[in-house]
Structure formats: C-alpha cells, structure tokens
C-alpha cells in the first residue's frame, strides 16, 4: 500500500471585495464553525480550479511539442 501524506500549507488568502471568505492561518482553531467551513470550501474550490488550469496548460504544451 502506498504511503500518502498531505503537506499542510499555511496560507493567508484575502479578498478585498468579499472579506467574509478570507482564508487565514494563525495557528489557532477558529470557534466560528460557519467561517471555518467557508474558508475550507473556498480553499478547496480555488485549488480545484488551479489544478484544472494546470492540466490544461500541460495538455496545450504537449500538443505544441508533438
């Protein structure tokens, strides 16, 4: 079985127009369950879009190299 470990990233992500979805890491667990959930969802959605964009870039690069 493959041993997989996820590296925990400590990020701060601030939105000027929608500060309620800011993702901040201060080392402490937040007591606000809704805010914590919104932060996790925001980070997950943004990382999914970034992953898709990276896949598209790799595909375009591969097509250009053939």
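The values are calculated or read from the model by the stated rules, or taken from the named source; none is laboratory data. What you see is a predicted model; the values in this text were computed from it and never measured. Here the Cβ is made from the backbone with ideal geometry for all residues, glycine too, and neighbour counts use every protein chain on show.
For the range 16-47, residues that are out of contact with any helix residue (DSSP H, G or I) (no Cβ under 6 Å at 6 or more places or on another chain) and either at pLDDT 70 or above or on the phi > 0 side of the Ramachandran plot (or both) total 22. Here is a check on your reading of the model: is residue 52 outside any loop (DSSP other than H, G, I, E, B), surrounded by 10 or more Cβ atoms within 10 Å (Cβ to Cβ), under 14 Å from the mean Cα position of the chain (by Cα) and modelled with pLDDT under 85? When the stated conditions are applied, residue 52 does not pass them.
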